[in-house]
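A.B. asks: Here you go, one structure.
The values are calculated or read from the model by the stated rules, or taken from the named source; none is laboratory data. Predicted, not measured: the structure shown is a model, and the values here were computed from it. Because the Cβ atoms are built from the backbone with ideal geometry, glycine has one as well, and the counts that use them run over all protein chains shown.
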Amino acid sequence: MFPTYDPGTGNVIAHVSEGDAEDIDRAVFAARKAFDEGPWPRMIVYERLEVLFRFADLLDKHTEELATLETWDNGKHHEQSAKIELPMISRVIRYYAGWADKVHGLTVSADVPYHVQTINEPIGVAGQIIPWNLSLSHWRYHLSLLIQVYFYF
């Protein structure tokens, strides 16, 4: 555990777990289990799209609360969080949700008498390092969720 501080006052906000190799192994195991057994891979693409749209709606609904927490946690201006970053995050989520039914395979021309086709399909678990100062805006995971890539932070 290590303390996280309010940069404005220097007071301890909370104590946060410090991850180690065992934590990574547990996260990978949980992501793999979700990939193999969870409800997400059995959802049709439009259901996943709706989940992300609901997430964006919740961000919009709770912008002030989230902006206050962002300001408290990392010291950025409340206005920056509330008026710029959180609305941007909501738009990014909606953008990628809009791609949900547009990720397709391709038929590729070949110099041989065969039919060549690429198919996009989920392959498993991926690890990602997420920036500490604006983790929700990390663009990779919104699209990853839609195409069923399971990840851990």
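A.B. asks: If you go through the range 61-95, how many residues are more than 27 Å from GLU47 (Cα to Cα) and among the hydroxyl-bearing types (Ser, Thr, Tyr)?
C.D. replies: 3
A.B. asks: Looking at the range 29-80 only, could you name the residues that are modelled with pLDDT under 90 and among the hydroxyl-bearing types (Ser, Thr, Tyr)?
C.D. replies: Listed by number, the residues that qualify are TYR46, THR71.
A.B. asks: Filter the range 89-113 down to residues that are part of a helix (DSSP H, G or I) and of a type in the set (D, E, K, R) and give me whichever is surrounded by the most Cβ atoms within 10 Å (Cβ to Cβ).
C.D. replies: Here is the first cut: in the range 89-113, the residues part of a helix (DSSP H, G or I) are 89-97.
Checking which are of a type in the set (D, E, K, R) leaves us with 91, 94.
Values: ARG91: 13, ARG94: 18.
This residue is ARG94.
A.B. asks: For the range 1-47, how many residues are in contact with a Ser or Thr (Cβ under 7 Å, 6 or more places away or on another chain) and among the hydroxyl-bearing types (Ser, Thr, Tyr)?
C.D. replies: 0
A.B. asks: Are there any pairs, at least 6 apart or on different chains, whose C-beta atoms fall under 9 Å, with the first in the range 113-136 and closer than 30 Å to SER81 by Cα and the second modelled with pLDDT under 70 and part of a strand (DSSP E or B), and if so, which?
C.D. replies: ALA126/TYR150; ALA126/PHE151; ALA126/TYR152; GLY127/PHE151; GLY127/TYR152; GLN128/PHE151; GLN128/TYR152
A.B. asks: On to the next question. How about the range 114-130: which of its residues are modelled with pLDDT under 75 and surrounded by 10 or more Cβ atoms within 10 Å (Cβ to Cβ)? Break it down into steps so the answer makes sense when it comes.
C.D. replies: Here is the first cut: in the range 114-130, the ones modelled with pLDDT under 75 are 119-130.
The answer is ASN120, PRO122, ILE123, GLY124, VAL125, ALA126, GLY127, GLN128, ILE130.
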